[in-house]
Amino acid sequence: MDIKNLVVGQLQTNCYLAIDRISKQCLIIDPGDDADYIQRIILDEGVKPGGIIATHGHFDHILAATELQLNYRLPLWIHPKDIFLVRRMRETARHFIGITSGPPPNITRSLKAGQKIPVGEANLLVIETPGHTPGSITLYSKKEKLAFVGDLLFSDGGVGRTDFSYSSLGALQKSITKILRLPSETVLLCGHGPETTVAAQRPFHKN
């Protein structure tokens, strides 16, 4: 699997293309904004999008999803516990960054723990990692030794915000503990900022 990282939007969200090397099928993970840019990279890479996955429902991870759905006729996967956030997309985007967006994307498929999402001949395992939001998930590939962790944690030792009414610090800490049980060499692809590894994160989260 090849990974293409596209930094998009005012909040510098990491949108990822997870690309199967043989079939050139790809998944679009967290298309936070800049749909035109994402589509240009898809064209340049010669890949075929098969779906969109949101690691959670915050607007800065889905703002480009509606346009991508329309242009490629793509399904959107998200955990059902975050559907309420998708429905609030326009209001929260206006509140936090002062922009007026189009309508929210259509949620066509639900994610659940243990589900495997195909990427050509490969697949990504869904791990529930709530805390930042109730429906936050991580996508893990044992074969590729990587995990897309969304806003669970960041390379500098920081973690996703838990000051929202629907967030839970306790749940977040349990989710981090779960992910840090993965093999030490696992690369963690974060929702913002540089990538990190399980080994690099363990000293930050000893308790």
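The values are calculated or read from the model by the stated rules, or taken from the named source; none is laboratory data. Every value quoted in this text rests on a predicted model; they were computed, and no experiment measured them. Backbone-built Cβ (ideal geometry, glycine too); neighbour counts: all protein chains shown.
Could you please let me know if Arg73 is closer than 12 Å to Asn106 by Cα and surrounded by fewer than 17 Cβ atoms within 10 Å (Cβ to Cβ)? Against the criterion (closer than 12 Å to Asn106 by Cα and surrounded by fewer than 17 Cβ atoms within 10 Å (Cβ to Cβ)), Arg73 qualifies.
Please specify each residue of the stretch 153-176 satisfying the condition of being touching a helix residue (DSSP H, G or I) at 6+ places or on another chain (Cβ under 6 Å) and either closer than 23 Å to Asp2 by Cβ or part of a loop (DSSP other than H, G, I, E, B) (or both). Once the filter is applied, which keeps residues that are touching a helix residue (DSSP H, G or I) at 6+ places or on another chain (Cβ under 6 Å) and either closer than 23 Å to Asp2 by Cβ or part of a loop (DSSP other than H, G, I, E, B) (or both), the stretch 153-176 yields Gly157, Thr162. Can you tell me how many residues within the stretch 146-173 are of a type in the set (Lys, Arg) and touching a strand residue (DSSP E or B) at 6+ places or on another chain (Cβ under 7 Å)? Within the stretch 146-173, residues that are of a type in the set (Lys, Arg) and touching a strand residue (DSSP E or B) at 6+ places or on another chain (Cβ under 7 Å) number 0. Please work out which residue is surrounded by the most Cβ atoms within 10 Å (Cβ to Cβ), limiting yourself to the stretch 177-197 and to residues that are closer than 22 Å to Lys4 by Cα and in contact with a Lys or Arg (Cβ under 8 Å, 6 or more places away or on another chain). Within the stretch 177-197, the match that is surrounded by the most Cβ atoms within 10 Å (Cβ to Cβ) is Thr186.
Can you name the residue in the stretch 96-124 that is over 25 Å from Tyr166 (Cα atoms) and either under 14 Å from the mean Cα position of the chain (by Cα) or among the acidic types (Asp, Glu) (or both) and is also surrounded by the most Cβ atoms within 10 Å (Cβ to Cβ) among such residues?
Among those that are over 25 Å from Tyr166 (Cα atoms) and either under 14 Å from the mean Cα position of the chain (by Cα) or among the acidic types (Asp, Glu) (or both), it is Leu124.
The number of residues in the stretch 12-50 that are modelled with pLDDT of 95 or more, over 17 Å from Phe148 (Cβ atoms) and small (Gly, Ala, Ser) comes to 2. A search for C-beta distances below 8 Å between a residue of the stretch 177-204 that is at pLDDT 95 or above and any residue that is assigned to a helix (DSSP H, G or I) and small (Gly, Ala, Ser), counting only pairs 6+ apart in sequence or on different chains, returns Ser184/Ala199; Glu185/Ala199.
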